[in-house]
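What follows is a short report on a single structure.
The values are calculated or read from the model by the stated rules, or taken from the named source; none is laboratory data. From a predicted model like this one, the values you see are computed outputs, not experimental measurements. Backbone-built Cβ (ideal geometry, glycine too); neighbour counts: all protein chains shown. What goes into the accessible areas is simple: the full protein's heavy atoms, side chains included, and nothing from ligands, DNA or RNA. Shrake-Rupley method; radii C 1.70, N 1.55, O 1.52, S 1.80 Å.
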Amino acid sequence: MRRSLHCIVALVFMAIGAALTGSTGSAAPPEPQPVALDCATDMTVQVLGNAMPAAADDQALVLVRAAWAPGGGIGPHTHPGTLVVSVESGSFGVTLEEEGDMGMAVMRSGDAGTPAAEELLTPGQEVILTPGDWFIETGMIHSARNAGDEPVTVLFTGLVAAGQPVTTCA
């Protein structure tokens, strides 16, 4: 009985301590990891989530934060599926290397309440995206780089072929 009382008191103090320090008990996201691809320089990725949705056979749903130091980039590459890529911070240069079946467009963020403006990409011409700009990538060969003097981060989520690398150098 005395041992049970000590356990209960200890649990109460731990709960109070967690409440006072603001701890939610949830795990922190994993640390960013360097990208080991021949076509990537000064790039890290942080897997924020992934799942195997029942409604998408042989597809994995991914959520990743990618970051590049100034001067970093990733040369021509592809992804085995469809991704939505959103610029979180910095200046992000994207070049469509070869146009696929669907083309590729970026959506420029607008003022609150205004729709985003669509801009079609021309193969071989770089566009610079800033926070809030986004695009959908459907397996086209493209390249990207940090186009500024500060780190750049992007979030990407999408459905990709299960069991394959999310990114492959072209």
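Tabulated values for the structure
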| quantity | calculated |
| --- | --- |
| Residue in the stretch 98-115 that is β-branched (Val, Ile, Thr) and within 27 Å of residue 29 (Cβ to Cβ) present | yes |
| Positions within the stretch 23-47 being not in a loop (DSSP other than H, G, I, E, B) and not hydrophobic (A, V, I, L, M, F, W, C), in sequence order | 33, 34, 41, 42, 44, 46 |
| Contacts under 8 angstrom Cβ, first residue in the stretch 43-55 being open to solvent by 70 Å² or more (accessible area, probe 1.4 Å), partner among the hydroxyl-bearing types (Ser, Thr, Tyr), 6 or more apart | none |
| Strands (runs of 3 or more DSSP E) wholly inside the stretch 118-170 that include at least 3 residues being open to solvent by less than 30 Å² (accessible area, probe 1.4 Å) and aliphatic (A, V, I, L, M) | 152-161 |
| Residue 69 vs. criteria of a type in the set (A, V, I, L, M, F, W, C) and farther than 16 Å from residue 154 by Cβ | no |
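Listed here are the residues, each with its yes/no results for (1) of a type outside the set (Gly, Ala, Ser); (2) buried (at least 18 other Cβ atoms within 10 Å of the Cβ); (3) closer than 23 Å to residue 164 by Cβ.
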site: 60; (1), (2), (3): no, yes, yes
site: 67; (1), (2), (3): no, yes, yes
site: 72; (1), (2), (3): no, yes, no
site: 82; (1), (2), (3): yes, no, yes
site: 85; (1), (2), (3): yes, yes, yes
site: 89; (1), (2), (3): no, no, no
site: 97; (1), (2), (3): yes, no, yes
